[in-house]
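Step one of this worksheet: look at the structure below.
The values are calculated or read from the model by the stated rules, or taken from the named source; none is laboratory data. All of these numbers come straight from a predicted model, not from anything done at the bench. Glycine also receives a Cβ, built like all others from the backbone with ideal geometry; neighbour counts cover every protein chain displayed. Just the protein is used for accessible areas: all its heavy atoms, side chains included, with ligands, DNA and RNA removed. Shrake-Rupley method; radii C 1.70, N 1.55, O 1.52, S 1.80 Å.
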Amino acid sequence: MTFCVWLDDANTPDADLRMGGKARSLRRLAAAGLPVPRAFAIATDLFAALRANGPPLPPTLDGAGALASVDEALTALAAAPLPAGFERELADALSRLAPQGDARFSVRSSGALEDRADALGAGIFLSRIDVAAVDVAGAVRAVLAAALAPGALAYVASRGPRGDAVVMAVLVHSFVPGDASGTAAFDPDSEAEPRVELGADDALAPEARARIVAATRQLARDGACELEWVATGPDVTFLQLRPYRAPTRARPWPGAAALADGGALWTWDAAHNPLPLSPAQAGLVAFVDERCRTPFRQRVVDGYLFWRPEPSIDAVDVGDASDAFRTWARDAEAALATLSSEATLEAALAVFAALYEPLFSRVQPAARGARDALAAFVRAQGGKVDVATLLGGVPSLATARAARAEAIATADDAGERDAAVAAYVAAFGDEAPTWDVAAPTYAEEPTPLRAIAARAPRASVLEEDAAARLDAALPAAARAEGRARLAAARDAAAVSENDDALYARAQTAVRRALLREGRRLHSANVLARAEDVFWLPLALVRADARGDAPLSPALVTHELGAARRAHDDARAAPPPLPGALADGGPRTGTVRGRAASGGRAVGRVHLHEPG
């Protein structure tokens, strides 16, 4: 079998199919009379040969064990021997392409779909450039293996082939260095001029730009197209041709105008609430924002929770974070104890507000102050130590929660897992997968706990080790004070985790009261299901519960329909970034995320560009 197919010799439909989309596009560029590098394709037969004795690929990636099966397939492809004669054929082809000993090559993916308008796959597959001849075989294997990456498989499957229908060829040509490289695109039906884009530090000669524009116009006569090119001085080499669709301007995020409060900066609370809130949770946010004096304000806009600092609330010296937490926890327990199993909605809301204000106006500021004080002290002493590391894994309810989750993930059998789930629920059953009163608690619905996967342990630093690290970073005269500040900061780190459990209990009390109202409305034939109460505005449910304005079936039907449509619209159009400016534009700078869960998952990612 011949694996290397020369582009200028391939004149049969079979060869056309075996070389993949990227190689086919290079042939079309050459046929249009444009300068291209001489190239050959390593046909799809090599991919098939390396996959021949490997495990089958799963038909989809959302089934149990699918990602593990993909890993096995990747491992098998990496270990599979190259077919007899392939390495000699490859060496001969490279010598024919560029006989000089110091020649460099580009080794690029050439997927079966890569010249289709609906499956261009930019960035999905792998290409390696500036490769020495001795490294080409390894680069070829790496390019083929990249076709088995979960992201690539999911992308291809969404456009047709699934599982073992995936195929991949490799395009090899001489590496083309240049002063500039980039793309050019043109849709004559919607654009007046071709778009030419290049790297920020590249310099493109006017003659080269003119040639790129002329080539793009020429090829766009057969339909909108995009080109990849490399330029050296006035000379241009074209590397790829693909279909093109002119981008449409993104619509401004519809909630931007509501955040224009005299230049105040509202920040999307994506870390805690990345999804739209239910109407009940939005009403709870409005309830405490109106009644509680806290150093921040909150607002729900188009379903999403935003916050900003409140300058009118002066910072107060609340002293030791542990003392503040103990006082708050004692008062919280006493307040929760006043709620009977039949407590009214107004009583549950009153307790929630009574816990909410001191938590965010005293406990959390005290914890934040202790951590900030340690960081400021270390900076003032010229210390070089990561304060966050010193506070890592402080024993708290968070570490206890993680231990119970690990027990579920590592259970050996169903019985052991059931026991681990029951232990988790006993300790944290009032919590839920999301901070929304509409979400069933783990005590109500423990099923999500059974899906917990094992994860790498969090970094944990013992107090004596943290103290030793801090001592090493501080002058001797500052170590005693440094240790005192470290102890306070570690206590504060525990406080910042321990308050979640009590907060969840208070919010769950509101959920239970709302469910009681839902059951009452269901019995009165106003609601089809008790759980629908969470999709009604909280103000309407409160007014009905007090007897001030009874809900009618017609009004409920209207409100439920509007709420669900608004929720679907909000999920389809999230805020542009985890922050928004008063004018609705994006926040500039680096956007960072945080780990939320262990394991791997495959799903659709939506990137929303600001208007």
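What to note about this one:
- Among (1) without any contact (Cβ under 8 Å) to a residue 60 or more places away in the chain; (2) closer than 30 Å to Pro576 by Cβ; (3) assigned to a helix (DSSP H, G or I), the one test that Arg330 misses: (2)
- Ala210 being open to solvent by 30 Å² or more (accessible area, probe 1.4 Å), closer than 30 Å to Pro433 by Cα and in a helix (DSSP H, G or I): no
- For the stretch 322-334, the count of residues that are closer than 30 Å to Ala543 by Cβ, within 33 Å of the chain's Cα centre (by Cα) and either open to solvent by less than 50 Å² (accessible area, probe 1.4 Å) or β-branched (Val, Ile, Thr) (or both) is zero.
- If only residues of the stretch 193-217 that are among the hydrophobic types (A, V, I, L, M, F, W, C) and modelled with pLDDT under 90 are counted, the one that is farthest from Leu77 (Cα to Cα) is Ala203.
- Options Val5, Val36; residue that is under 41 Å from the mean Cα position of the chain (by Cα), surrounded by 14 or more Cβ atoms within 10 Å (Cβ to Cβ) and in a loop (DSSP other than H, G, I, E, B): Val36
- For Phe186, the conditions (1) of a type in the set (Phe, Trp, Tyr); (2) over 30 Å from Arg211 (Cα atoms); (3) modelled with pLDDT of 90 or more all hold with the exception of (2).
- Test for Leu449: is it modelled with pLDDT under 95, open to solvent by less than 80 Å² (accessible area, probe 1.4 Å) and under 28 Å from the mean Cα position of the chain (by Cα): yes
- Whichever residue in the stretch 548-560 is within 14 Å of Pro279 (Cα to Cα) and among the hydrophobic types (A, V, I, L, M, F, W, C) and, among such residues, is farthest from the chain's Cα centre (by Cα): Val556
- Contact annotation: residue pairs with Cβ atoms under 6 Å, 6 or more positions apart or on different chains, pairing a residue in the stretch 148-163 that is at pLDDT below 75 with a partner that is assigned to a loop (DSSP other than H, G, I, E, B) and open to solvent by 40 Å² or more (accessible area, probe 1.4 Å), are Arg162/Pro59; Gly163/Pro59.
- Looking only at residues of the stretch 285-312 that are without any contact (Cβ under 8 Å) to a residue 12 or more places away in the chain and over 25 Å from Pro254 (Cβ atoms), we find that the one that is most open to solvent (accessible area, probe 1.4 Å) is Pro311.
- Check on Ala282, surrounded by 16 or more Cβ atoms within 10 Å (Cβ to Cβ), touching a strand residue (DSSP E or B) at 6+ places or on another chain (Cβ under 6 Å) and closer than 18 Å to Ala504 by Cα: yes
- Condition check for Pro56: open to solvent by 20 Å² or more (accessible area, probe 1.4 Å) and touching an Asp or Glu at 6+ places or on another chain (Cβ under 7 Å): yes
- Only one entry in Ala366, Ala370 is in contact with a Gly (Cβ under 8 Å, 6 or more places away or on another chain), modelled with pLDDT of 90 or more and within 27 Å of Glu333 (Cβ to Cβ), namely Ala366.
- Under the condition of being open to solvent by 20 Å² or more (accessible area, probe 1.4 Å), farther than 22 Å from Phe428 by Cα and of a type outside the set (A, V, I, L, M, F, W, C), the residues counted in the stretch 345-403 number 16.
- Of residues in the stretch 172-207 being in a loop (DSSP other than H, G, I, E, B) and charged (D, E, K, R), the one surrounded by the fewest Cβ atoms within 10 Å (Cβ to Cβ): Asp201
- So Asp323, is it at pLDDT below 90 and within 20 Å of Val495 (Cβ to Cβ): no
- A count restricted to the stretch 513-547 and to residues that are touching a residue at least 60 places away in the same chain (Cβ under 8 Å) and more than 32 Å from the chain's Cα centre (by Cα) stands at 9.
- Enumeration of residues in the stretch 1-48 that are under 22 Å from Glu89 (Cα atoms), among the polar types (S, T, N, Q) and at pLDDT 90 or above: Thr44
- Counted residues, the stretch 404-431 - those being in contact with a Ser or Thr (Cβ under 8 Å, 6 or more places away or on another chain) and open to solvent by less than 30 Å² (accessible area, probe 1.4 Å): 2
- A count restricted to the stretch 213-241 and to residues that are exposed (fewer than 15 other Cβ atoms within 10 Å of the Cβ) and in contact with a Ser or Thr (Cβ under 9 Å, 6 or more places away or on another chain) stands at 0.
- Filter result for Val70 (open to solvent by less than 50 Å² (accessible area, probe 1.4 Å), outside any helix (DSSP H, G or I) and either at pLDDT below 95 or farther than 27 Å from Ala215 by Cα (or both)): no
- Note on the stretch 461-479: residues that are open to solvent by 80 Å² or more (accessible area, probe 1.4 Å) and not basic (Lys, Arg) total 5.
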